[in-house]
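What follows is a short report on a single structure.
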Amino acid sequence: MMLIIGLILFGLGEALLIASGAGVSPWTVFAQGFSKVTNWSIGLSTFTISFFVLLFWVPLRQTPGVGTVLNIIIISLVLDLSAPYLPVFETSAMRLAEAALGVIITGFGGGIYLIANLGPGPRDGLMTGLQRQTGHPLATVRSVIEISVVVLGWSLGGVVGLGTLMFAFGIGPCVATSMLFLQFCFVDRSAHKHIK
């Protein structure tokens, strides 16, 4: 259940970034560009890209979990189902505020997803698999992958902007804060039950 809640929040946060028009996460830049070329919805484009990323796991000898499969399905569905209901603002300040909220919600959802520990997302598995095969530092591998998909997505028409930078610099701290908060809540509850 926690896994599903985390993925729904993750998808909703990404959808808020899209609605803001201020720039989206690296992989969603790629999905936006892909969607413009194919005329598919953002959800279907995200699903298709995630599926093909998963195929790269085979030569990297990565093993998907139930969380991996649900990641592909739920995030794609949430993107398409939430998009019509999210506000689109005219002013730059409101658009940036919506993007910031998107980063925070995505980070919180990511923290829940990681704590569930039921399999990495397709992109995370690609990153760790490549790191293991190449021996390069994880940060380097992640940077190369994400810069590549941003450039490719932008060249196809994806939106790069302040929201993209906010995501790049904000998602790590948001996920870390979310995980600390959730671990504190669960440990605190467990300790309280033990005292009783």
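Structural remarks
- Over the range 41-88, the Kirkwood radius and the radius of gyration, each from Cα atoms, give a ratio Rg/Rh of 1.10.
- Reciprocal mean inverse distance between Cα atoms of the range 83-196 - Kirkwood radius, Å: 16.7 Å
- Neighbour-count ranking [beta-carbon atoms within 10 angstrom, fewest first] of THR68, THR63, THR48, THR106: THR63, THR48, THR68, THR106
- Virtual paramagnetic centre 7 Å along Cα→Cβ of THR177, amide N under 14 Å, in the range 17-41: none
- Semi-axes of the equivalent ellipsoid of the range 9-63 are 23, 14, 9 Å, computed as sqrt(5λ) over the eigenvalues of the C-alpha gyration tensor in descending order.
- FRET E, pair ILE115, SER41, Förster distance 30 Å, beta-carbon r, rounded to 0.05: 0.50
- Among GLY43, MET94, GLY67 the positive-end extreme of the charge dipole of the chain (Cβ point charges): GLY67
- The range 41-149 - convex hull of alpha carbons, volume per residue in Å³: 125 Å³
- Sites LEU152 and ALA83 - FRET efficiency at Förster radius 30 Å, r taken between beta-carbons, to 0.05: 0.85
- When each of SER45, SER155 is scored by the number of other beta-carbon atoms lying within 10 Å, the sequence from fewest to most is SER155, SER45.
- Taken over the chain, the convex hull of the Cα atoms encloses 132 Å³ per residue.
Where a number appears in this text, it was derived from the coordinates with a stated rule and is not lab data. Predicted model, so just to flag it, every value in this text is computed and none were measured. All Cβ positions, even for glycine, are placed from backbone atoms using ideal geometry, and neighbour counts span all protein chains on display.
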